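A.B. asks: Before we start, here is the structure in question, set down as structure tokens.
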Amino acid sequence: MKILAIETSCDETAISILECKGDEQNTSFKILGNVLLSQIDIHREFGGVFPAVAKREHAKNLVPVLAASLEEAELLHEDRQLLPDAIRTEIGTLLTREPELAEALFAFLDESETPAIDAIAVTHGPGLEPALWVGVNLARALAMVWEKPLIGVNHMEGHLLSALTKPNEDGTFEIKDVSLPVLGLLISGGHTELVSMDQWLSYRLIGQTKDDAVGEAFDKAARMLGLPYPGGPEISKLATAAIARGNTIKPSLPRPMMRDDTCDFSFSGLKTAVLYMVKDRTLTETEKEEISHAFEDATSEVLFAKSSKALYTTGAKTLVLGGGVSADTHIRKFFTEHISNEHPEVALRIPTPRFTTDNAIMIGIAGYYRALKKEFTEPDQMRANGNLSLT
Ligand code: KG4
Ligand code: ZN
């Protein structure tokens, strides 16, 4: 089955085309086309992502990204048959709030034939609602014109399932031999949660943040240190430099809620502690590196302590890390070492770096499993939901 997948939940405009085979027990994926346009350089000027700006950029870039992805997959063929008037009117109405996207889409559709794909998957939440809507509306329009089934994908399910993949030598990748229950630690800019997948694709919330998401804490702490957006990779870089010169952690940062009885998290206290550390001071590069190191150390320890607790309470056989923050080298190393020492019976799966931050491949993967269950949505029923929950 060939799936075209669209992701616009935050600041990446991404469209992938995957060839998917197999069933839930043994699935393989081949990337036919994969184009991702990051808006990071634009948002960096504002020090964070502005939803209206993200929406505008998605609307501008989606059709070129679509064409490039189809081209890469060798599925783009010329056909100068104009769209029938009735469908043109219908799509014009659907895209009333995205006139620029409508215009580009009409030009594209007037020149190209229906591609040989089997379904369209799109992130319909969670995320920034204005940004989500652009992708959702494009997906609805394409499903109508091309007469393909439409699948709404939960972005967090995409992070979780893509983290279960194992790469093959020929460039394909597969998901198989996954022992249930799976505990997912989902750590991104908007989320910090522990979910248990007891049955395939059925989730239970085990714990979540009471305030900031861990990625948000990384981004805010980075800002206090005068580092650009997004802060996660910047803090990671400075911490790596500190470790490389043998830094032992000097500034001590708190580990909020680490020892309580729940599997919940809190990161706002950590952020405040950094604020007090940097207030009214000009930091040297060395101090910034030391604080970054301490920050990574505190987050790694808290994330692991809660995951460990959740492993005991759920009896999970697999632990999977997903979301942008799972790109962090220190966190990856911490989990690898501590799981093998403290939970040697648990299989740890950490995504390859290309799957950690937002992408459309993960949406195609989750979309395929939903397609296997025939969970399709009629285009006129599909909605974006910024608060969509996995559980
Ligand atoms: O999953 P993601 O790309 O987008 C959301 O769904 O939110 O996650 C973005 C978050 C940002 O907060 C970013 O700072 C963080 O992931 N991040 C990192 C690293 N790369 C991205 N945090 C720590 N270390 C990294 N290397
Ligand atoms: Zn994400």
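Read-outs throughout are calculated quantities, based only on the coordinates presented, and are distinct from any laboratory measurement. Because the structure is a prediction, the values reported are computed rather than measured. Positions of Cβ are backbone-derived with ideal geometry, glycine not excepted, and every protein chain shown enters the neighbour counts.
A.B. asks: Run lengths n ≥ 4 of DSSP H only: what is the helix-derived mean residue ellipticity at 222 nm for the chain, with -39500 (n - 2.57) per run over all residues, to the nearest 500?
C.D. replies: Mean residue ellipticity at 222 nm (helix-derived): -14000 deg cm²/dmol.
A.B. asks: I would also like to ask the following. Only four residue types carry charge here, +1 at the Cβ of Lys and Arg and -1 at the Cβ of Asp and Glu. Report the dipole size of the chain about the Cα centre in Debye, rounded to the nearest 20.
C.D. replies: Dipole magnitude for the chain comes out near 1100 debye.
A.B. asks: Please identify, among ILE17, ILE151, ILE339, the residue showing maximal mean-square fluctuation in a Gaussian network model of the chain using a 10 angstrom Cα cutoff.
C.D. replies: Checking each option, the largest mean-square fluctuation is seen for ILE339.
A.B. asks: Also: Which FRET efficiency value, to the nearest 0.05, do you get for ASP110 and ASP380 by plugging their Cβ-Cβ distance into 1/(1 + (r/R0)^6) with R0 = 25 Å?
C.D. replies: Here the calculated transfer efficiency is 0.60.
A.B. asks: Can you pull the semi-axes for the range 279-391, root of five times each eigenvalue of the Cα gyration tensor, sorted largest first, whole Å?
C.D. replies: 33, 22, 13
A.B. asks: Provide Rg over Rh for the range 1-146; use the alpha carbon set for both Rg and the Kirkwood Rh (inverse mean inverse pair distance).
C.D. replies: 0.98
A.B. asks: Now, a different point. Give me LEU205, LEU164 ranked fewest to most by other Cβ atoms within 10 Å of their Cβ, as a rough exposure proxy.
C.D. replies: Starting with the residue having the fewest Cβ neighbours, the order is LEU205, LEU164.
A.B. asks: Something else about it: If the only charges are +1 at each Lys and Arg Cβ and -1 at each Asp and Glu Cβ, what is the size of the charge dipole of the range 33-85 around the Cα centre, to the nearest 20 debye?
C.D. replies: 360
A.B. asks: List the aspartates and glutamates whose alpha-carbon lies under 15 Å from that of LYS30, not counting same-chain residues fewer than 8 positions away?
C.D. replies: Counting by Cα, and skipping residues close in sequence, LYS30 has these aspartates and glutamates nearby: GLU19, GLU72, GLU74, ASP118, GLU169, ASP170, GLU174.
A.B. asks: Please give the residues of the range 177-211, grouped as numeric ranges, whose backbone N is less than 19 Å from a label point set 7 Å along the Cα-to-Cβ vector of ASN247.
C.D. replies: Hits in the range 177-211 for ASN247 at 19 Å: none.
A.B. asks: On the Cα set of the chain, report Rg and Dmax in Å, please.
C.D. replies: Just the Cα atoms of the chain yield Rg and Dmax of 21.6, 69 Å.
A.B. asks: Sticking with this one: Between beta-carbons, use under 10 Å as the cut-off and find the net charge around MET197, counting Lys and Arg +1, Asp and Glu -1.
C.D. replies: -1
A.B. asks: Can you sort GLU98, GLU72 so the residue with the fewest Cβ neighbours within 10 Å comes first?
C.D. replies: Least crowded to most crowded, the residues run GLU72, GLU98.
A.B. asks: Now, a different point. Could you pull out the pairs from LYS176/LYS317; LYS21/LYS309; LYS2/LYS176; LYS55/LYS166 whose alpha carbons sit more than 26 Å apart here?
C.D. replies: LYS21/LYS309; LYS55/LYS166
A.B. asks: Does the range 46-102 classify as rounded, prolate or oblate by the C-alpha gyration tensor (a ≥ b ≥ c root eigenvalues; a/c under 1.5 gives rounded; else a/b over b/c gives prolate, otherwise oblate)?
C.D. replies: Here the range 46-102 falls in the oblate category.
A.B. asks: Can you list the equivalent-ellipsoid semi-axes of the range 178-350, largest first and in whole Å, using the square root of 5 times each Cα gyration tensor eigenvalue?
C.D. replies: 29, 16, 13
A.B. asks: For the chain, with the dipole built from +1 on Lys and Arg beta-carbon atoms and -1 on Asp and Glu ones, taken about the Cα centre, which of GLY226, THR27, GLY364 lies farthest toward the positive end?
C.D. replies: Of the options given, the answer is GLY226.
A.B. asks: A further question follows. Pop a pseudo-label 7 angstrom from the Cα along the beta-carbon direction at both GLU147 and GLU78 and give the gap in nm to one decimal.
C.D. replies: Between GLU147 and GLU78, the label points sit 2.6 nm apart.
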